[in-house]
Structures are given as structure tokens and as C-alpha cells.
Amino acid sequence: MKTKCFILAAALTVTICISSGRIVRAKSPASSANSTTGTATVRGEVKLDGRVPKATPINMAADPSCAKQHPTPVLSQDIVADAKGGLQNVVVFIADGGDRAFDPPTQPAVIEQKGCVYKPHVLALQANQRLEVVNDDPTSHNVHAMPANSMEWNKAEPPGAKIDETFPREEVAIRVKCNVHPWMRSYVAVFKHPYFAVTGKDGSFDLANLPPGTYTIEAWHEKLGTSIQRVTVGANETKAVDFVFKPKSGS
Ligand SMILES: [Cu+2]
């Protein structure tokens, strides 16, 4: 009898949990059931409207092992835009993603240190997704992540080593620097949902697999700030949303 009661109680608990889960998910379009397999898409371009600031050459003379890997100086990556104004390294994401926790992808996100430069310069990943930082240089780096919402960490990394870390909480974006080479900086954006992208060389982005709904889409750039747009997208629909940033005076 006791066993039967226990099974009944367990079944009831599971039923209640499942139904309450549905209620929570229904609160937000981005957190409805099967949201990772939604069929709506928001895509577009991020443009820089105005003169592209001239990139400055980075002086790596402080570490000859870095400098000698580059026949011509590496340029700063603060603002990178193509000839048509396509703005690279912009994080575009759903800003009202709801409260649902998504399982992180099993594949790690990877930052490579090669030629004493972080590749990529801007990376986005999910909360609790593994972040691997690899060192392909013949010199030691020191990777120092400075989040506001997660624990700060600061790790020396000899040649050939690998750092394996996670960030448990959402944040746009965490500054990462190297304590050995002051020119080395990157940004890591962390999301509790999978609806984010980082613009490529032409400034384009693609937010796929969205459930139908109305969303606030935010674009973040390390120097140019943020821009927000609202968009409503239906099932199997693709909507175009473009963002325009203007160069700030002095940048
Ligand atoms: Cu370094």
C-alpha cells in the first residue's frame, strides 16, 4: 500500500511539474514549448552610417614572439566595417527571452589565442556552455575574465595549454583581457537562451528557430553601444530587421 501511495504521489508531482512548466513557458513567446525548434526567422544587417574610423596598428614589440608572427602589424578591432558599412562583431539577440532555462549545447565555444590576438574578438555562447580558451602561441598568456554577474577568473596559460570555463549567468558582454599583453581584449556575451548571433564580416546576422511571437531584438557593439527594435514574426515567416549605428565623435 505504501509503495502504491508513493508511486501515486510521484506521478502527481510529475504531472504538476509538467503542467506548471507549460504555464511558465506560455508567458513569453520565446519560451513556448518546443521553442528550440520554432520555424520563424529574424535576419538582417548591422550597418555603420558614416566614415569608418581608421583602425590603429597594434604595437607588439613588448613580446617579440608575438611581433614576429605578423609580417605586417595587426590592426585594432574596436570598430570593424566593410566597404559597404557592414559592421562586424555586433552581438544581436532576443532581449526578452523569458525565464525558461535552456540546456546548453554540448559543443564548447572556443576562443583561440594565435599571434597574441583573440579569435574571435567577440564571442557569444549560452550560460553553462563550456568555453575553451586555447593557446596556440609559443608564449604564455594570462586570461582574465571580468564578469559582473558570474565569478571573475584569472588564469595563466602556457603554450599548448587549454582553459575550460563556464559562465552561469546571462551578461552582455564580459570583458576578457590578457594580463601579459595589454593589447589583447575580447568580449564574451552569455545568454540563457539560444537566440543570439554575432555579425560576420558583412554585418549580417540570422536568428533562426524562433517560435512565433513579438520580440525585442537588441544589437550590442563594444564601442557604439546598443540599439533596440521590436518585431513580430509568425510561424514559417522570415522578417528582415536592420540596425544602423553612427560613429561616435572621437571614435
Ligand atoms: Cu597574452
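The values are calculated or read from the model by the stated rules, or taken from the named source; none is laboratory data. Values in this document were obtained by computation on a predicted structure and should not be read as measured data. Using ideal geometry, Cβ is built from the backbone for each residue, glycine included, and neighbour counts are taken over all protein chains shown. Keep in mind that these areas ignore ligands, DNA and RNA; they rest on the heavy atoms of the full protein, side chains included. Shrake-Rupley method; radii C 1.70, N 1.55, O 1.52, S 1.80 Å.
At a glance:
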quantity: Candidates Asn142, Asn149 - the one that is over 24 Å from Arg100 (Cβ atoms) and polar (S, T, N, Q); calculated: Asn142
quantity: One residue from Phe245, Phe191 being of a type in the set (Phe, Trp, Tyr) and either at pLDDT below 95 or over 30 Å from Ala83 (Cβ atoms) (or both); calculated: Phe191
quantity: Boolean, Ser186 is touching a residue at least 40 places away in the same chain (Cβ under 8 Å), under 13 Å from the mean Cα position of the chain (by Cα) and within 16 Å of the ligand (Cβ to nearest atom); calculated: yes
quantity: Lone unmet requirement of (1) within 16 Å of the ligand (Cβ to nearest atom); (2) surrounded by 14 or more Cβ atoms within 10 Å (Cβ to Cβ) for Pro159; calculated: (2)
quantity: Residue in region 61-73 that is open to solvent by less than 40 Å² (accessible area, probe 1.4 Å), at pLDDT 95 or above and in a strand (DSSP E or B) present; calculated: no
quantity: Counted residues, region 204-251 - those being charged (D, E, K, R) and assigned to a strand (DSSP E or B); calculated: 4
quantity: Subset of region 174-185 [assigned to a strand (DSSP E or B) and open to solvent by 20 Å² or more (accessible area, probe 1.4 Å)]; calculated: Arg175, Lys177, Arg185
quantity: Some residue of region 132-147 being open to solvent by 20 Å² or more (accessible area, probe 1.4 Å), in a loop (DSSP other than H, G, I, E, B) and more than 16 Å from the ligand (Cβ to nearest atom); calculated: no
quantity: Evaluation of Asn89 against (1) among the polar types (S, T, N, Q); (2) within 16 Å of the ligand (Cβ to nearest atom); (3) surrounded by 14 or more Cβ atoms within 10 Å (Cβ to Cβ) (one fails), failing number; calculated: (2)
